[in-house]
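Single-structure report; data block below.
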Amino acid sequence: MSVSPLPGPLRVALADDHAVVRAGYRRLLELEADIAVVAEYGDAESAYSALAGSSGDDIDLLVLDLSMPGRSGLELLRRLAQRRPELSVLVFTMHDSAAMLDQCLRAGAAGFVTKSSAPEVLVTAVRQAARGEIALSPDVAALAARAEGGPPHTRLSSREFDILQQLLAGRGVEEIAQTLRLSTKTVANYQTRIRQALGVGSAVELLNYAREHGLGGPGV
């Protein structure tokens, strides 16, 4: 869906837990006369607190990393889609799997760009997302048109996929429960269902599955 051009510079916020990375693409974006970076966040909670409040009214687009401490970027994306559906969110991530792309687009992302992309790809994607277009970097564009009936992890629910990502990041059941404000038993049950859905019986088999399907491993 296309929208009318925004008056004045496009007001962009950045959410990434690596300060050096934020500084790099902040400088890149601010070289453009029609883009102004007006806010930065180092974790999902601070980003949500600001963007869900009145200060979020001053931001047109969020450039969002997925791998952050505490709540994941994917969880933030879903929460913002409910609280601030008018806010465009461009995912900027190291992930390049079809499953992650699918989850992000279903959660309401306006685009998906990998961090291995050329600098001009990010700049172009920011403008496209602000216009209401789906912005994809070339290396993931083909994934958007993939056929249905992919591997088992593509059929996980949004909550299951989010917990899977946290397990693959090396977080334990208790830590995930605290982050998502769920009971330890609930998260443990999710972990069991995820393993059953993927056909794995242990943490080692889960990691092997993740590597085989490009989902990453500890520390992603």
> For the stretch 73-94, how many residues meet the condition of being in contact (Cβ under 8 Å) with a residue 24 or more places away in the chain, open to solvent by 10 Å² or more (accessible area, probe 1.4 Å) and farther than 17 Å from Tyr25 by Cα?
Replying inline: 8
> How many of the residues in the stretch 40-81 are closer than 15 Å to His18 by Cα, out of contact with any Phe, Trp or Tyr (no Cβ under 8 Å at 6 or more places or on another chain) and of a type in the set (A, V, I, L, M)?
Replying inline: 3
> Is it the case that the stretch 128-137 has a residue that's farther than 18 Å from Asp16 by Cα, over 15 Å from the mean Cα position of the chain (by Cα) and assigned to a helix (DSSP H, G or I)?
Replying inline: yes
> Can you tell me which of Asp65, Asp34, Asp58 is among the charged types (D, E, K, R) and under 23 Å from Gln165 (Cβ atoms)?
Replying inline: Asp65
>> Any residue that is acidic (Asp, Glu), under 27 Å from Pro9 (Cβ atoms) and part of a helix (DSSP H, G or I) - is there at least one of those in the stretch 100-122?
In response: yes
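A quick yes/no check of all residues on (1) of a type outside the set (Lys, Arg); (2) open to solvent by less than 50 Å² (accessible area, probe 1.4 Å):
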position: Arg155; (1), (2): no, no
position: Arg159; (1), (2): no, no
position: Ala169; (1), (2): yes, yes
position: Gly172; (1), (2): yes, yes
position: Ile176; (1), (2): yes, yes
position: Ile194; (1), (2): yes, yes
position: Asn208; (1), (2): yes, no
position: Arg211; (1), (2): no, no
position: Leu215; (1), (2): yes, yes
> Taking only pairs six or more apart or across chains, which ones have beta-carbon atoms under 8 Å, a first residue in the stretch 173-193 that is without any contact (Cβ under 8 Å) to a residue 24 or more places away in the chain, and a second residue that is outside any helix (DSSP H, G or I)?
Replying inline: Ile176/Leu182; Ala177/Ser183
>> Considering only residues that are among the hydroxyl-bearing types (Ser, Thr, Tyr) and either farther than 17 Å from Arg22 by Cβ or more than 11 Å from the chain's Cα centre (by Cα) (or both), which ones fall in the stretch 82-113?
In response: Ser88, Ser97
> Of all residues in the stretch 1-23, which are among the small types (Gly, Ala, Ser) and modelled with pLDDT under 90?
Replying inline: Ser2, Ser4, Gly8
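The values are calculated or read from the model by the stated rules, or taken from the named source; none is laboratory data. Just so we're clear, the structure is a prediction, and the values are computed from it rather than from any experiment. Don't worry about glycine lacking a Cβ; one is built from the backbone with ideal geometry, like all the others, and counts go over all protein chains shown. Just so you know, the surface numbers come from the protein's heavy atoms only, side chains and all, with ligands and any DNA or RNA stripped out. Shrake-Rupley method; radii C 1.70, N 1.55, O 1.52, S 1.80 Å.
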